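The values are calculated or read from the model by the stated rules, or taken from the named source; none is laboratory data. Nothing here was measured: the structure is a model prediction, and the numbers come from that model. For neighbour counting, all protein chains shown are included, and Cβ atoms are generated from backbone atoms with ideal geometry for every residue, glycine included. Just so you know, the surface numbers come from the protein's heavy atoms only, side chains and all, with ligands and any DNA or RNA stripped out. Shrake-Rupley method; radii C 1.70, N 1.55, O 1.52, S 1.80 Å.
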Amino acid sequence: MKLFVSPTSPYARKCRALIIEKSLEHKIEVIECDPRSDPADLLEANPLGKVPALTREGAPALMDSPLICEFIDSLDDENWIPKRGASRILVLRQQALADGLIDLTIGRRIEMQRDSDKQWDFWSDRWERGVKRTLEALNDDRGQYERSVDLGALSVAVALHYLDLRFAEYDWRSDYPELGAFAARWDQRASFAQTRPPQ
């Protein structure tokens, strides 16, 4: 199997970190690419032209990080996503909040990269308010995932570190020191050291 990624994609990082955490590197080859250049192998795997995308022998390729992580989790008996019940819903909810935080961060970054005369304060302010609301929710929910080692906690940690990469001027750790401590603990794991994006 091959997982197409880009070095800075937080969605791809989530999948890569899960592969490392589950010691599945021997089963899935990681292929770095630039999705903006529309490489043929990526487009064949994912007509959306996005990373991550996972090719499988004799089976359709998978796209979208929640689906890919669900598949990765099925490859052995170590469950990072509970199989059923309230605990499963909580982990998937944490992943959804984390992915939404990444979406907001990307939206803000795109707006800030426009020429100054084409930037809309409405949109940058909206993205920033969404980031702050989501951090507040993650902080309030901290007890549900703070000491967990599962896909929900991993996803939140990836999203928090992506804030550092793409919204570095926001000192979120001052407002949410417990979230900062949580992110720091995950940053010490081998899966995060090996998938750290270039600055």
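Things worth noting here:
- With respect to the conditions (1) within 25 Å of residue 161 (Cβ to Cβ); (2) part of a helix (DSSP H, G or I), residue 41 falls short on a single one, namely (1).
- Residues that are open to solvent by 40 Å² or more (accessible area, probe 1.4 Å) and either of a type in the set (Phe, Trp, Tyr) or assigned to a loop (DSSP other than H, G, I, E, B) (or both) within segment 18-31 comprise 23, 25, 26, 27, listed in sequence order.
- Residue selected from segment 1-17 under the condition assigned to a helix (DSSP H, G or I) and among the hydrophobic types (A, V, I, L, M, F, W, C), by the criterion surrounded by the most Cβ atoms within 10 Å (Cβ to Cβ): 15
- Flag if residue 96 is in contact (Cβ under 8 Å) with a residue 40 or more places away in the chain and of a type in the set (A, V, I, L, M, F, W, C): no
- Just one of the numbered conditions (1) touching a helix residue (DSSP H, G or I) at 6+ places or on another chain (Cβ under 8 Å); (2) assigned to a helix (DSSP H, G or I); (3) closer than 27 Å to residue 6 by Cβ; (4) not charged (D, E, K, R) is not true of residue 110: (1).
- Residues that are exposed (fewer than 15 other Cβ atoms within 10 Å of the Cβ) and touching a residue at least 40 places away in the same chain (Cβ under 8 Å), drawn from segment 167-177: 175
- Restricting the first member to segment 178-199 and to residues that are free of Cβ contacts under 8 Å to residues at least 24 places away in the same chain, and the second to residues that are open to solvent by 50 Å² or more (accessible area, probe 1.4 Å), the beta-carbon pairs closer than 6 Å and six or more apart or on different chains are 180/173.
- Filtering 77, 73, 34 for residues that are out of contact with any Phe, Trp or Tyr (no Cβ under 6 Å at 6 or more places or on another chain), open to solvent by less than 80 Å² (accessible area, probe 1.4 Å) and either touching a residue at least 12 places away in the same chain (Cβ under 8 Å) or at negative phi (or both) leaves a single hit, 34.
- On inspection, residue 12 fails the criterion of being at pLDDT 95 or above and more than 13 Å from residue 72 (Cβ to Cβ).
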